[in-house]
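Note sheet for the following structure.
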Amino acid sequence: MKVSFFSTCAKLCLCFIVAAVVVRAEPYETIVSNGDAGNRIDMVVVGDGYTADELGKYRTDVAQLIARMFLQDPYREYQTYFNVHRIDVTSAQSGADHPDRNPKVYVNTAFDATYNCAGTQRLVCVNQTRVREVARNTLAANQYDMIVVLVNDPEYGGSGGSVAVGSTHPQVVELVLHELGHSFGFLADEYDVGGTNCNLPSEPSAVNSTIATARENIKWNHWIDDATPLPTIGSTPGVPGLYQGSSFCQNNYYRPTHNSKMRSLGTPFEQINLEQHVRRIYTFVSPLDTVAPVATNIAINYAQAQTFSVTTPQPATHNLEVTWLVDGVSRATGESFVLPAHTLASGTHTVEVVARDATGVVRRDPQSLLEERRSWTLSVAPKRRATTRPRTRNQS
C-alpha cells in the first residue's frame, strides 16, 4: 500500500452524522474462547455487505481473517489472551459502494461501506457509530475491546479509527494489523510523507515517535546499543536506533527502527512496537486468572497445612513465572503451594504470590503491568500442650 493512503487514513475523521435509526441486537457466535471476558481481550468481527444467502461465506471469511491475524506477533504469542466474537449482520445487498467506478456503484448495506472515501480510492469507510451500537446492543460491555469490520468486497481496501475496516482481499490482514497498531497499541505512523507543522515539532505522545536526539531522552533508549550511532543510518531490519522520518514528517521526527509495520505493510512490528503491544495486552489481562483460596484471612492450627493455588494465562512459547513468599521470603515456585503450619511460629503471617511474565519482548515496564500480586493473612494457632491427669490414691 502506498504511503499517501495511510496518510489520508490518519488525517480523516471517520465519524459521520447519522440519521436516527433503531439498532437491535444481532445473532452472534463466540468463535474463539480462551477465558472469562473479565480477563481477556475480546475482539469482535462484524460484517458489512453480506446478504442472508452469503452468511456461510461470511463465516469462512472471518475464520480466514482471524487465522491470518494470529500468525503474527504479538497475536501469535498471546493468542490465548483473546476471545473472538463474530456478529452476523445481514445486509440487503452484497458488496460495497464504488463511487469511483464508471458507472458508479451503490449498494444498500448495513453499515454503508464505501470505497474512495474522501477521494482516496482504497480508503473504505463505514458508519462507525452504527457498528459500535450493534456491538453494544449484542454483547456485554466487556466483550468488545476491539472491533473489526469485514467488508464483503474482494478489492483491496480498508481504514482505521476506533473501528478497523478491511475488505476480503487476503492481504488486507496487514492493513488491519497496522490499524490496530493505532487503535489498540496507541502507536504513531512511522512514514514521512505529507506531514504538516514539521518545522514546529512537538513531542508525540506515541512511544514510537520522538523529536529527542539526546540518547538519555529517547523513549526507547533501553533498546539502543551503546555502539549504535545517533541519529542512525542504515537499513538492517530490527536494529533499534534513531531513524529520521516519522509521524508523516521527513525532518525533526524520528522512529525506532529502519522499517516496521507502522511504516510499511508486510514487515514485523519490530521491538519497540511489540513491547508496546504486550504492555497494552496486560492492561486488559491480569497475569493471574484465578486465585485460591478466595478468602484472604485464614486461620489454621499447628497440625494443619494450607494449600494455595493460582492459574495463569498461557502464552504460546513460554510460561509465566509464579513465586510464593512467606513473610517476604521466597518459599516455592509453580501454580500451587502447600504450607504446613508446623513450619511457622504461632501468630500471624503473610503469604504472597507473584505472577510475572518475564518475556524478553518487554525490557521496560514502569507500571508493572506484566506482574500481579495477591496476598493472604495466615493466623497459626499455638501448639496445644498435652495435659496430665493427677493420680488418685488408688493409682499410687
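Can you tell me how many residues in the stretch 1-53 are at pLDDT 95 or above, assigned to a helix (DSSP H, G or I) and surrounded by 11 or more Cβ atoms within 10 Å (Cβ to Cβ)?
Total meeting the criteria: 3.
So for the stretch 144-154 (the condition being assigned by TED's automatic domain parsing to the domain that holds residue 44, out of contact with any Phe, Trp or Tyr (no Cβ under 9 Å at 6 or more places or on another chain) and modelled with pLDDT under 95), does at least one residue qualify? Break it down into steps so the answer makes sense when it comes.
Kept after step one, since they are assigned by TED's automatic domain parsing to the domain that holds residue 44, are these residues of the stretch 144-154: 144-154.
Among the residues that remain, those that are also out of contact with any Phe, Trp or Tyr (no Cβ under 9 Å at 6 or more places or on another chain) are: 144, 147-148, 154.
Checking the rest, the ones that are also modelled with pLDDT under 95 come to none.
Within the stretch 144-154, not a single residue is assigned by TED's automatic domain parsing to the domain that holds residue 44, out of contact with any Phe, Trp or Tyr (no Cβ under 9 Å at 6 or more places or on another chain) and modelled with pLDDT under 95.
Can you pull out the residues in the stretch 287-314 that are among the hydroxyl-bearing types (Ser, Thr, Tyr) and either surrounded by 18 or more Cβ atoms within 10 Å (Cβ to Cβ) or in a strand (DSSP E or B) (or both)?
As a first pass, look at the stretch 287-314 and keep what is among the hydroxyl-bearing types (Ser, Thr, Tyr): 290, 296, 302, 307, 309, 311-312.
Once the filter is applied, which keeps residues that are among the hydroxyl-bearing types (Ser, Thr, Tyr) and either surrounded by 18 or more Cβ atoms within 10 Å (Cβ to Cβ) or in a strand (DSSP E or B) (or both), the stretch 287-314 yields 290, 307, 309, 311, 312.
Considering only residues of the stretch 363-379 that are in contact with a strand residue (DSSP E or B) (Cβ under 8 Å, 6 or more places away or on another chain) and either without any contact (Cβ under 8 Å) to a residue 60 or more places away in the chain or outside any strand (DSSP E or B) (or both), which is surrounded by the fewest Cβ atoms within 10 Å (Cβ to Cβ)? Write out each step before concluding.
In the first step, residues of the stretch 363-379 are kept if they are in contact with a strand residue (DSSP E or B) (Cβ under 8 Å, 6 or more places away or on another chain); the result is 365, 370-379.
Filter once more, so that each one left must be either without any contact (Cβ under 8 Å) to a residue 60 or more places away in the chain or outside any strand (DSSP E or B) (or both): 365, 370, 373.
Details: 365: 16, 370: 20, 373: 14.
Among residues in the stretch 363-379 that are in contact with a strand residue (DSSP E or B) (Cβ under 8 Å, 6 or more places away or on another chain) and either without any contact (Cβ under 8 Å) to a residue 60 or more places away in the chain or outside any strand (DSSP E or B) (or both), the one surrounded by the fewest Cβ atoms within 10 Å (Cβ to Cβ) is 373.
I'd like the residue in the stretch 316-337 that is of a type in the set (Gly, Ala, Ser) and part of a strand (DSSP E or B) and, out of all such residues, is surrounded by the most Cβ atoms within 10 Å (Cβ to Cβ).
First pass over the stretch 316-337, keeping only residues of a type in the set (Gly, Ala, Ser): 316, 328, 330, 332, 334, 336.
Subset that is part of a strand (DSSP E or B): 330, 332, 336.
Numbers: 330: 11, 332: 15, 336: 13.
Result: 332.
Taking the stretch 63-96 on its own, how many of its residues are surrounded by 20 or more Cβ atoms within 10 Å (Cβ to Cβ), part of a loop (DSSP other than H, G, I, E, B) and not aromatic (Phe, Trp, Tyr)?
Total satisfying the criteria: 6.
Any idea which residue in the stretch 320-378 is nearest to the chain's Cα centre (by Cα), counting only those that are farther than 28 Å from residue 272 by Cβ and among the acidic types (Asp, Glu)?
Among them, the one singled out is 335.
Could you please find all residues in the stretch 113-156 being polar (S, T, N, Q), buried (at least 16 other Cβ atoms within 10 Å of the Cβ) and assigned to a loop (DSSP other than H, G, I, E, B)?
116, 121, 127, 143, 152
The values are calculated or read from the model by the stated rules, or taken from the named source; none is laboratory data. Here the structure is a predicted model, which means the values were calculated and not measured. Methodologically, a virtual Cβ is constructed for each residue, glycine included, from the backbone with ideal geometry; neighbour enumeration extends over all protein chains shown.
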